[in-house]
Amino acid sequence: GQEFTYITTENGLADNNIAQIWQDSQGDVWVGTMFGGVSHFTNDTIINYHAEGIIKGVEAVGFYEDRSGNIWFAVEGDGIYRYDGKNFVNYNEDDGLITAGILSFLEDSKGRFWLGGWKGLFRFQENKFIPVEISGPWD
């Protein structure tokens, strides 16, 4: 039969209130929590980025992997994070992000990067966030 492992904060999980569970192309599992940030299960290890002081916010959602293998996710009130396998980059209002609540990411077939959430639709291009309005940018 099936065997399940019950994982909680007692085993190293960042928080017992889970917002999202997602697996990347390398087989690592990322857990976004409501009150503890992000737990990253890699090589039989659990890394809690909030507890490590790498991520400031605690509510994490929207995990996405782009074509280059970067992992993206949003942290309520702390902007967007991009992880390249070694380092995190945090994007926020200084980069044109006018919302604290991104929920989804998509890189389309033409390589354009779209984000959706509170306050609408955004494009990420040239390292800046641009709100998408009726007039665009669409191309």
Checklist entry - Within the bounds of the stretch 3-11, is there any residue that is modelled with pLDDT of 95 or more, more than 15 Å from K86 (Cα to Cα) and either in a strand (DSSP E or B) or aromatic (F, W, Y) (or both)? => result no
Next on the checklist: I'd like to check something: does the stretch 79-93 contain any residue that is modelled with pLDDT of 90 or more, in a loop (DSSP other than H, G, I, E, B), under 29 Å from V132 (Cα atoms) and open to solvent by less than 30 Å² (accessible area, probe 1.4 Å)?
Outcome noted: no
Checklist outcome for this item: If we ask which residues in the stretch 122-138 are farther than 18 Å from D66 by Cα and either touching a residue at least 24 places away in the same chain (Cβ under 8 Å) or assigned to a strand (DSSP E or B) (or both), their number turns out to be 4
Next on the checklist: Where the second residue is in a loop (DSSP other than H, G, I, E, B) and open to solvent by 10 Å² or more (accessible area, probe 1.4 Å) and the first is acidic (D, E) and lies in the stretch 36-55, which pairs have Cβ atoms under 6 Å and are six or more apart or on separate chains?
Outcome noted: none
Next on the checklist: Looking only at the stretch 99-124, count every residue that is over 15 Å from Y81 (Cα atoms) and loosely packed, with under 15 Cβ neighbours inside 10 Å and tell me the total.
Outcome noted: 9
Checklist outcome for this item: If we keep only residues of the stretch 64-78 that are crowded, with 21+ Cβ neighbours inside 10 Å and not small (G, A, S), then the residue farthest from G27 (Cα to Cα) is V75
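The values are calculated or read from the model by the stated rules, or taken from the named source; none is laboratory data. From a predicted model like this one, the values you see are computed outputs, not experimental measurements. Ideal geometry is used to build each Cβ from the backbone, glycine not excepted, and the neighbour counts take in all protein chains shown. All accessible areas refer to the heavy atoms of the entire protein, side chains included, with ligands and DNA or RNA removed. Shrake-Rupley method; radii C 1.70, N 1.55, O 1.52, S 1.80 Å.
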